[in-house]
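Here the structure comes first, spelled out in structure tokens, and everything after it is commentary.
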Ligand code: FES
């Protein structure tokens, strides 16, 4: 069982920057995009043991600083190699100035037609 956990305040986030938090033992990158929307995705790159929150936010992606894979903020999917597996994405809710993250990954598998 998991529940949304307060991870930070909106005012602690900067546009186009990521903040590393731990929820239920999981490292999660909380990212505010340039439009002000807050996203949460797995902080560990699927290509190597690198913290994605140390990388770069560019448009709707978070780029790993090690080898340049860009992960889509909304789906966690890598848009560029060398990473080819997605990072998990999590539900963000904002109440007043508080940012909450539910550590249960959002399932995007049903959006893939086979
Ligand atoms: S460790 Fe992230 S792209 Fe290689």
Just the residues that are on the phi > 0 side of the Ramachandran plot, surrounded by fewer than 21 Cβ atoms within 10 Å (Cβ to Cβ) and at pLDDT 95 or above, please, taken from the stretch 54-95. 68
Tell me, which residue of the stretch 35-45 that is touching a strand residue (DSSP E or B) at 6+ places or on another chain (Cβ under 7 Å) and at pLDDT 95 or above is farthest from the ligand (Cβ to nearest atom)? 38
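The values are calculated or read from the model by the stated rules, or taken from the named source; none is laboratory data. In this text, all values refer to a predicted model and were calculated from it rather than measured experimentally. We place every Cβ from the backbone using ideal geometry, glycine too, and count neighbours over all the protein chains shown.
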